[in-house]
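Read the structure below first, then the notes.
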Amino acid sequence: MNRPEDRAILQTQFPFWDHLSAQEQERLLQNVMTVKYPKGTNIHSGDQDCIGVLLIKSGILRTYMLSEEGREITLYRLYKGDVCILSASCILKSITFEVHIDAESDCETLQISTPVFSELSRTNVFVENFSYRLATDRFSDVMWTMQQILFMSFDKRLAVFLSDELSKSQDDTIRLTHEQVAKYIGSAREVVSRMLKYFADEGIVQLSRGGIRVLDRKKLRQMI
């Protein structure tokens, strides 16, 4: 553990840090460890115990729900600097639904012990407020996903997804397979492939193996 580096990260990412006593800060530091997850690792499943609160140093985590038929619905993704609270969902008694968390890319995280974070939440109102505010933010992400699935036409949902992916990329190519896109937006691969072919016929995208190149950003935005 790199204590100076970890301390700086915790101080920056946790707004409650300055409201901790010196003893609480030290206890938190003593119960933080760096954990690396290779791409594709399942970090948390609905029936597993809490692994702890994760602060992402690098990489991307994907949180999703899994139907009885095995269909995945991506709820949201977390990036560098984000905090994953649902990996320690036992801290939040109001969280009763099961989620799964995968490493979408190689990830490095700071993992905070569940018992220690839970204890701080019980004894320090600033930590408790942070936990519930974070849970509320994630719930908003989940509701946005559900709203898209329930009330937005599929072509618009796909256009929104592609636009969001472009905003994170340095070029016009989204390096995802049709199967991956389907998982992210909660659909079937065949449906995604048909709609992408329509987009290609309209001159909006160009399809290639393992990638989708956006040819006309303006036309894509007009579909949203």
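Once the Cα atoms of helix 3-13 and of the chain are each reduced to a long axis, what angle between those two axes, in degrees from 0 to 90 to the nearest 10, is obtained?
So the helix axis and the longest Cα principal axis differ by about 60 degrees.
Please calculate the 1.4 Å probe accessible area of residue 150, with all protein chains present, and give it to the nearest 10 Å².
120
Check residue 205: other-chain or 5+ apart residues with amide H under 5 Å from its amide H, H built from backbone geometry?
So residue 205 has HN proximity to 200, 215.
For 99, 191, write out the residues from largest to smallest accessible area, computed with a 1.4 angstrom probe and no ligands counted.
Details: 99 5, 191 50 Å².
Heavy-atom accessible area, descending, gives 191, 99.
Give, as a single signed number, the net charge of other residues whose beta carbon lies under 14 Å from the beta carbon of residue 129, with Lys and Arg counted +1 and Asp and Glu -1. Don't jump to the answer; show the numbers that get you there.
Working: positive: 122, 133; negative: 18, 128, 137.
Around residue 129, the surrounding residues sum to -1.
Which far-off residues, 5 or more places away or on another chain, put their amide H under 5 Å from the one on residue 76, with H placed in the peptide plane?
63
Using only Cα positions of the chain, each an equal point scatterer, no hydration layer, compute I(q)/I(0) via Debye at q = 0.07, 0.13, 0.14, 0.15 Å⁻¹ and quote the log10 values to two decimals.
Debye curve over Cα of the chain, log10 I(q)/I(0) at q = 0.07, 0.13, 0.14, 0.15 Å⁻¹: -0.27, -0.82, -0.91, -1.00.
Which cross-chain or sequence-distant (5 or more) residues have an amide H under 5 Å from the amide H of residue 82, H modelled 1.01 Å from N in plane?
56
Evaluate E = 1/(1 + (r/R0)^6) for residue 189 and residue 35, where r is the Cβ-Cβ distance and R0 equals 41 Å; express this FRET efficiency to the nearest 0.05. Before the final figure, lay out each step's value.
Details: r = 32 Å, r/R0 = 0.78.
Taking R0 as 41 Å, the efficiency between residue 189 and residue 35 is 0.80.
How far is helix 114-123 tilted, in degrees, relative to the longest principal axis of the Cα atoms in the chain, given as a value from 0 to 90 rounded to the nearest 10?
With rounding to tens, the tilt is 70 degrees.
So, with a 1.4 angstrom probe, what is the percent of accessible area on the chain that is carbon and sulfur?
49
With every protein chain present, what is the per residue accessible area of the chain (1.4 Å probe, Å²)? Could the numbers behind the result be given before it?
Numbers: 11920 Å² over 224 residues.
Accessible area per residue, the chain: 53 Å².
Between helix 125-151 and the chain, what is the angle of the helix's C-alpha long axis to the longest principal axis, kept within 0 to 90° and rounded to the nearest 10?
With both axes taken from Cα atoms, the answer is about 10 degrees.
Hey, which lysines would be in cross-link range of residue 183, C-alpha to C-alpha under 17 Å, not counting anything within fewer than 8 residues on its own chain?
List returned: 39, 156.
To the nearest 20 debye, what is the magnitude of the charge dipole of the chain about its Cα centre, counting +1 on the Cβ of each Lys and Arg and -1 on the Cβ of each Asp and Glu?
Details: 28 positive and 30 negative charges, 129 e Å.
The calculated dipole for the chain is roughly 620 debye.
With only Lys, Arg, Asp and Glu charged, each at its Cβ (+1 for the first two, -1 for the last two), find how big the charge dipole of region 1-83 is about the Cα centre; round to the nearest 20 debye.
Values: 10 positive and 11 negative charges, 84 e Å.
For region 1-83, the charge dipole is close to 400 debye.
Given a 1.4 Å probe and the protein chains all in place, what does the accessible area of residue 164 round to, in Å² to the nearest 10?
Counting only protein heavy atoms, residue 164 exposes about 70 Å² to solvent.
Once every DSSP H run of n ≥ 4 in the chain is given -39500 (n - 2.57) and the sum is divided by its residues, what mean residue ellipticity at 222 nm do you get, rounded to the nearest 500 deg cm²/dmol?
-14000 deg cm²/dmol
Between region 137-163 and region 168-191, how far is it from one alpha carbon centroid to the other, in angstrom?
That distance is 14 Å.
Which distance in nm do the two modelled labels at residue 72 and residue 23 give, with both placed 7 Å along the Cα-to-Cβ direction?
Once both label points are built, they end up 4.5 nm from each other.
Which value, in Å² rounded to 10, gives the accessible area of residue 221 with a 1.4 Å probe and all protein chains present?
140
Please give the net charge around residue 159, taking every other residue with its beta carbon less than 13 angstrom from that of residue 159, where Lys and Arg add +1 and Asp and Glu add -1.
Counting the neighbours of residue 159, the net charge comes to +1.
The values are calculated or read from the model by the stated rules, or taken from the named source; none is laboratory data. Predicted model, so just to flag it, every value in this text is computed and none were measured. Neighbour counts run over all protein chains shown; Cβ positions are idealised from the backbone, glycine included. Heavy atoms of the whole protein, side chains included, go into the accessibility calculation; ligands, DNA and RNA do not. Shrake-Rupley method; radii C 1.70, N 1.55, O 1.52, S 1.80 Å.
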